[in-house]
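The values are calculated or read from the model by the stated rules, or taken from the named source; none is laboratory data. Given the structure is predicted, the values throughout are model-derived calculations rather than measurements. Here the Cβ is made from the backbone with ideal geometry for all residues, glycine too, and neighbour counts use every protein chain on show. Surface accessibility is based on the protein's heavy atoms, side chains included, excluding ligands, DNA and RNA. Shrake-Rupley method; radii C 1.70, N 1.55, O 1.52, S 1.80 Å.
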Protein chains: 2
Amino acid sequence: MAAQRGQRNGVGDTPPAPTAAEITAPIPRVVAEVPAARERARAIPEAAVARLAVYLRVLSGMQDQGSGTVSSEELAVAAGVNSAKLRKDLSYIGSYGTRGVGYEVAVLIEEIERILGLTRKQSVAVVGIGNLGHALANYGGFPGRGFPVTALFDVDPDLIGVPVGGLPVEHIDDIPTICAEREVSIGVIATPPPAAQTVCDRLVEAGVQCILNFAPVVLQVPDHVEVRKVDLAVELQVLSFHVARRADNAAATNGVAPEFNGKVNGMVVT
Amino acid sequence: MAAQRGQRNGVGDTPPAPTAAEITAPIPRVVAEVPAARERARAIPEAAVARLAVYLRVLSGMQDQGSGTVSSEELAVAAGVNSAKLRKDLSYIGSYGTRGVGYEVAVLIEEIERILGLTRKQSVAVVGIGNLGHALANYGGFPGRGFPVTALFDVDPDLIGVPVGGLPVEHIDDIPTICAEREVSIGVIATPPPAAQTVCDRLVEAGVQCILNFAPVVLQVPDHVEVRKVDLAVELQVLSFHVARRADNAAATNGVAPEFNGKVNGMVVT
DNA sequence: CCTTGTGAATCCTTTCACAGCA
DNA sequence: TGCTGTGAAAGGATTCACAAGG
């Protein structure tokens, strides 16, 4: 993929394109190129990437139990997806299965690790050593290893220098130098909301290109920086929505007064 | 029963900026009827629900700063999405805007809260009071309030009875009784992987219908239970994938692919 | 003018179903 | 025979672009 049709774009900028839209003529498609690129066609859907990580964990468990091969059906059940999706996902990384038999666990593990870039260790820095930061710093070098935490930062003077999970906490002013020095490739933000953007800016300044953000704020970053967000409040609210929907449905089927009715424009779906 | 419906991954989406949930699972409908009757068109897409939660937070911030109205463009930028998507999302909950003007902040807040079911408090139980559980228990009654933590559980004898965040830890054997008694509607699992399924079963037994799972395992639940998963390892691995892809592309541009960032006015040209 | 609300087009994912092969 | 790999169909979600309306 070459351009960013609305993808990266850390911010909601680039609203609509200027009036150059009347030209219904040729769509500036950028596909169909790089006849070479014998390597992995860089076409793995984002959604599939996340699932590959899940498959990897399941496969590791199977390997520990001595399984030599798995069928797509077995692996799919263990990973909580259906087998068609699983096979499609695996097909994005290549054809490593044997028809009539299944996949070799060891081979799949190796290939997925390669695709996910787990063959080289990715150095992680955690910023904000509060409750959550502590939890993250102690997360045993992070699951499956491959993500060594190499730096911890905070502003609290009482914390600076204190070892957490075997690593001393440094001051956030030192983010640029320390992160550059230790070649941190992933920054984890676990600070209070007001500090998040500042911390983010420093991480970017230090050359960190990927950020995992636990702070409930929308970070503004340059296009080349990748951000993923974990938002507790959002998770709970989505669940809350389901509780409410369930309650409404129950009330509806019981013939109870539909107090909340109203908006719907007439879309009927089931 | 095949039962393993995809667990929604509640985590940060990769695209623009924020949002969450890209895995929209198929609706678990087992039976195929539902007289449709006065079906409350709960047609709000899963992805939109997650964003509504984000809009809500942004709107609250605006209200605190005294804003009375917002345009879709302003709100969109603040939430990190584009305005068309924002308007589409809002349209799912009704028509509360004024053409040529925008939306009243207070009205939007109220409507989104109603849709998300935040008008009634949802009681939360946290199971597994380790590092992460501690962090969750102390999360100030959870953001934006509306999610009071009313029970904490663990197996460790040394923890039972100890107050964490003002609430005593109980034994997980008491999950069924205590959760039922305190009408817990959302269970948060922050236990080690091996304990997760057992804990999950007890929560379900207690009547909990929504679960937020931090343990890196695929939970098996009945169809009527909603599970969302937050998986640290997956998040890091997805970021790792992007680091790797970036590296590959960089290498490629030096040899083959003639693709650089040729963006003009949002239109791609090569 | 302005901005909302929304059909229609587009793009991305998932599912189906079967050809292909060990 | 049994299971993988994959075109093609189906389904969602996102974006476009414009009519509706203050």
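Can you give the translational diffusion coefficient of the stretch A:46-115 in µm²/s, computed by Stokes-Einstein from the Kirkwood radius over Cα pairs at 37 °C and 0.692 mPa s? Don't jump to the answer; show the numbers that get you there.
Numbers: Rh = 11.7 Å.
Diffusion coefficient, whole number: 281 µm²/s.
Less than 14 Å apart at the alpha-carbon level, and either on another chain or at least 8 residues along: which aspartates and glutamates does that give for A:Lys85?
In chain and number order, the partners are A:Glu46, A:Glu73, A:Glu74.
Give me the inter-chain shielding for B:183-193: mean count of other chain Cβ atoms within 10 Å, whole number please.
2
Return the average number of partner chain Cβ atoms within 10 angstrom of each residue Cβ along peptide B:220-231.
Average per residue, whole number: 3.
Between A:Ser91 and A:Ala47, what is the label-to-label distance in nm when each label sits 7 Å out along the Cα-to-Cβ direction?
The answer from the label model is 1.5 nm.
How large is the accessible surface per residue of the stretch B:124-230, computed with a 1.4 Å probe and reported in Å² as a whole number?
Normalised by residue count, the accessible surface of the stretch B:124-230 is 37 Å².
For the stretch B:72-215, would you read off the P(r) tail past 28 Å as a percentage of all alpha carbon pairs?
36
Compute the FRET efficiency between A:Thr69 and B:Asp158 as 1/(1 + (r/R0)^6), taking r as their Cβ-Cβ distance and R0 = 30 Å, and round to the nearest 0.05. Kindly include the intermediate steps, with their values, before the conclusion.
Details: r = 44 Å, r/R0 = 1.45.
Efficiency, from the Cβ-Cβ distance: 0.10.
Quick one: buried accessible area between A and B, total over both chains, 1.4 angstrom probe, nearest 100 Å²? Walk me through the numbers before you get to the answer.
Details: alone 17470 and 16060 Å², together 24470 Å².
Between A and B, the summed buried area is about 9100 Å².
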